[in-house]
Every structure is written in C-alpha cells, then in structure tokens.
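The block underneath contains the structure these notes are about, expressed in structure tokens.
The values are calculated or read from the model by the stated rules, or taken from the named source; none is laboratory data. Fair warning: this is a prediction, and the values are worked out from it, not measured in the lab. We place every Cβ from the backbone using ideal geometry, glycine too, and count neighbours over all the protein chains shown.
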C-alpha cells in the first residue's frame, strides 16, 4: 500500500512540474490605417479584410515575421508583425457607454474621449 502511494505521489509531482502550463495570450493592436488581414502569411495571400489603427487582435500563432491572429468576433487571419504594436486597445460593442473615473457606479463620469473606430465587412 505504501509503495503504491509513493508511486502515485512521484507521478503527481512529475505531472505537476512537467506538464505544459497555459501561457498568457499575446495581444497586439494595429499601428496604422488600412492594414490587410490575409488568408496566409504572405503578401500574395488573399486579403480577407482590412483594419485600421488601434484594432485589437489576439496572436494565436506565428510564422517568421507574420502573426496568425483572431479578432473579437473569432475571425482568423494573418498580419505582418511590424504593422502591430503591444499597446492595449479594446472593442466596445454598445453604441453608448459610460466611462467612469473609478471602479464603482457612483464614481464621476470621465469627460468624453475621442475614439477611433475600426470596422470590417
């Protein structure tokens, strides 16, 4: 009985330290206007859609200097990595939102911000 417990504990410790850990998703955003999201990692690949500055993307893979990306609607494509930056951006899905100065509903509203809009067909 003791030997079985010992084997189980050794196996558990092995799994704990050797199993791959999930990595944090790498997020990027587009750093200029009119960037093509393509069907493959090449300038000769078909353009799937275009995005503008600030459009956020999740990196799900890479090949050379190309990122395989997924957008907030779960559409996937490829973008040339020098056309991206590691700056936080977000997508607002509502026509009007309140942005507050703090984390509680009673906090004062922030002044209206200029927003850049990106879209795809």
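Here are some notes:
- The single condition from (1) exposed (fewer than 12 other Cβ atoms within 10 Å of the Cβ); (2) over 11 Å from the mean Cα position of the chain (by Cα); (3) modelled with pLDDT under 95 that residue 46 fails is (3).
- Residue within region 67-86 that is assigned to a strand (DSSP E or B), modelled with pLDDT of 90 or more and within 30 Å of residue 111 (Cβ to Cβ) present: yes
- Of all residues in region 1-33, exactly one satisfies the criterion of being surrounded by fewer than 10 Cβ atoms within 10 Å (Cβ to Cβ), under 22 Å from residue 77 (Cα atoms) and either touching a helix residue (DSSP H, G or I) at 6+ places or on another chain (Cβ under 7 Å) or at pLDDT 65 or above (or both), namely 25.
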